[in-house]
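The values are calculated or read from the model by the stated rules, or taken from the named source; none is laboratory data. Note that the structure is predicted; figures quoted are calculated from it, not measured. Reconstructed Cβ throughout: ideal geometry from the backbone, glycine too, with neighbour counts over all protein chains shown. Keep in mind that these areas ignore ligands, DNA and RNA; they rest on the heavy atoms of the full protein, side chains included. Shrake-Rupley method; radii C 1.70, N 1.55, O 1.52, S 1.80 Å.
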Amino acid sequence: MTDDLKHPLRSQSWFGGKGLKGFVDRSWVRSRSVPGDHFDGRPIIGICNTWSELTPCNSHFRVLAEHVRMGILEAGGVPAEFPVTSPGETLTRPTAMFLRNLTSMDVEESIRANPIDGVVLLMGCDKTTPSLLMGAASVNVPTIGVSGGPMLNGSFRGRRLGIADMWKLADDFRKGEIGQDEMADLEAGLNRSNGSCNIMGTASTMAAMVEALGIGLPENAAIPASDARRNVLARMAGRRIVELVRQQVLMSHILTREAFENAIRVNAAIGGSTNAIIHLTAVARRIGVEMTIDDWDRLGSSVPTLVNIQPSGEHLMQDFHEAGGVPVVLRELGENGLLHKDAMTVTGQSIWDNNAQAKCWNRDVIRTFAEPLMRDSGLAVLRGNLCPDGAVIKPSAAQQDLLRHRGRAVVFENAEEMHRRLADPDLDVTADSVLVMKNCGPRGYPGMPELGNMPIPRKLLTQGVTDMVRISDARMSGTAFGAVVLHVSPEAAVGGTLALVEEGDWIELDVPARRLTLEVGDEELARRRSVWTSGGAKPERGFAKLYVEHVNQAHDGADFDFLVGCSGSEPPPDQH
Ligand code: FES
């Protein structure tokens, strides 16, 4: 079975031994009712599964894994499914991001420690995608990503709903415009099938990144979780990974600088999540591609948003799939000179060969360059004395007149204070105020929660205010929207200028000029700094302690400093 391989399989380091060693490893595996010919040099393919009932978005992954398994067997490989930590977005506290790097370590060490020649990554809910890509990238075996797909369109009292509607309906609830009974119906109808959030939130964005990077099959991003074609895609990935192992196509052959540049442009064209910046930066640095947040502005900010999906647009992921999905976006980018067409993909063909013939079936959902949803609307990276290492805003999701704004700061030292004071009807705030929150960065919280889209103060909400400038070192859910400046770096907890902002300070936001300025003189800032003490978390033990001592800043991908890079796939020493 190894004749067509250019390189020996790493699994043969376990199963190919002639003496006691090979006997022990084979014998224990045969307890799973495995026939002896499975050790004859067939590729052993890991199916890395983030199935968990605590991650509802990935709760169909047992079935998905079975389809991958069938594909592997059909192609002459041997499947070996294994579980890893599943950081689900909805239930994990303090935030799933806190577990992203831990999961990546689990993935990396699980692959390297075991007789795995190639791996299929099953991922869906937000953090499961970057953590699996990061971990696999640090081993660099042949890899295919399979996303779980979005859930069906939500349904609520005759209305078609997306997750982004939840934020608006929550505001209606806070205003007393809808009651408890309606909320109960909404609860049941909003998320009514398997799958990830049904808009262009972080999960869908990251699934699109998998496709744009070429590490997933065409149509990976948008086929709904409950559509039979999702299972077929999983099966085809199972077949394909066996070929990638035989040809020794490593992850690093796919995840090149060109692939990441393609992904940045796709992110802009789909109106993708701000979280993609942090996650792709971390993945790139694992595989040895140097990316900075400035790449996102340089390559993506002039790309028009083509996809009319919530939260930037109005449709949902199911509609995106039916309109043609990411292949149509790639074709549009390619035809307009914004795609590295030769970037290689896991199909064995270039990204252009995969998608050049893609057809659009609904031009309201996927627009053309001539008639985009929005022009020049990729993510913008801001600089200034308030964010010397950068901050991020998604202009397409903001009230447009707020993209140039000057206002006085209303300052919250942490998330708890933010929640308490914003509910106070006597809070001294106007629609022109700038809400500033500290200590929600990677180290400060810790884990950089999705709290950047602070709620509009209740008293302004009842006056009809729907957006305000908000600034923090936190992240924002990909399902959220607003004039929200995120990922301020350095964060407050490590002494960034954000830590020095005081109530009433003037702040100027100028997105077209890419500036964010705290209008306080250097002398006064130095005085404030001389009496500053960190308000960030100070855990004394366990993973939280490891986290705050080693997490990088947002502009560096918020990876652990000791995880950046790749240690390769050499099998570890054998204890026998
Ligand atoms: Fe899991 Fe949105 S909460 S994908």
Legend entry - Hits in segment 30-61 - residues which are β-branched (Val, Ile, Thr), in contact with a Pro (Cβ under 9 Å, 6 or more places away or on another chain) and part of a loop (DSSP other than H, G, I, E, B): Thr50, Thr55
Inset, instruction - For segment 480-511, enumerate the residues that are open to solvent by less than 10 Å² (accessible area, probe 1.4 Å) and within 16 Å of the ligand (Cβ to nearest atom). - result: Ala480
Legend entry - Options Met418, Met454, Met448, Met476; residue that is closer than 29 Å to Asn267 by Cβ and part of a helix (DSSP H, G or I): Met418
Inset, instruction - Specify the residue that is nearest to the ligand (Cβ to nearest atom); the eligible residues are those in segment 190-219 that are under 23 Å from Ala480 (Cα atoms), open to solvent by less than 10 Å² (accessible area, probe 1.4 Å) and assigned to a loop (DSSP other than H, G, I, E, B). - result: Gly201
Inset, instruction - Six or more apart or on different chains, Cβ under 9 Å: which pairs go from a residue in segment 356-384 that's crowded, with 22+ Cβ neighbours inside 10 Å to one that's in a strand (DSSP E or B) and not β-branched (Val, Ile, Thr)? Could you list them? - result: Val365/His315; Val381/Ala391; Leu382/Ala391; Leu382/Leu509; Leu382/Asp510; Leu382/Arg515; Leu382/Leu516
Legend entry - All positions within segment 223-279 that are touching a helix residue (DSSP H, G or I) at 6+ places or on another chain (Cβ under 8 Å), part of a loop (DSSP other than H, G, I, E, B) and hydroxyl-bearing (Ser, Thr, Tyr): Ser273
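Across segment 70-86, which residue is most open to solvent (accessible area, probe 1.4 Å) among those that are under 28 Å from Leu102 (Cβ atoms) and assigned to a loop (DSSP other than H, G, I, E, B)?
Our first condition is that a residue be under 28 Å from Leu102 (Cβ atoms); within segment 70-86, this holds for 72, 79-86.
Now drop any that are not assigned to a loop (DSSP other than H, G, I, E, B), which leaves 84-86.
On the way: Val84: 15, Thr85: 46, Ser86: 24 Å².
It comes out as Thr85.
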Legend entry - Residues that are touching an Asp or Glu at 6+ places or on another chain (Cβ under 8 Å), surrounded by 24 or more Cβ atoms within 10 Å (Cβ to Cβ) and under 22 Å from Glu243 (Cα atoms), drawn from segment 87-138: Gly135, Ala136, Ser138
Inset, instruction - Could you check, for segment 159-167, whether at least one of its residues is under 25 Å from Asn275 (Cβ atoms), of a type in the set (Asp, Glu) and either within 16 Å of the ligand (Cβ to nearest atom) or loosely packed, with under 14 Cβ neighbours inside 10 Å (or both)? - result: yes
Inset, instruction - Only residues that are more than 16 Å from the ligand (Cβ to nearest atom) and in contact (Cβ under 8 Å) with a residue 60 or more places away in the chain: list them for segment 74-91, please. - result: Glu74, Ala75, Gly76, Gly77, Pro79
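Conditions (1) more than 19 Å from Arg230 (Cβ to Cβ); (2) of a type in the set (S, T, N, Q); (3) open to solvent by less than 10 Å² (accessible area, probe 1.4 Å); (4) at pLDDT 95 or above, marked per residue:
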position	(1), (2), (3), (4)
Glu314	yes, no, no, no
Asp319	no, no, no, yes
His340	yes, no, no, yes
Ile351	yes, no, yes, yes
Inset, instruction - Take segment 33-63 and flag every residue that is within 16 Å of the ligand (Cβ to nearest atom), touching a strand residue (DSSP E or B) at 6+ places or on another chain (Cβ under 6 Å) and more than 18 Å from Thr143 (Cβ to Cβ). - result: Cys57
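Filter segment 386-416 down to the residues that are among the charged types (D, E, K, R) and touching a residue at least 12 places away in the same chain (Cβ under 8 Å) and list them by number. Outline the logic, then answer.
At the first step, the residues of segment 386-416 found to be among the charged types (D, E, K, R) are 389, 394, 401, 404, 406, 408, 413, 416.
Within segment 386-416, Asp389, Lys394, Arg404, Arg406, Arg408, Glu413 qualify.
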Legend entry - Exclusive hit being out of contact with any Gly (no Cβ under 6 Å at 6 or more places or on another chain) and surrounded by fewer than 24 Cβ atoms within 10 Å (Cβ to Cβ), set Arg421, Arg408: Arg421
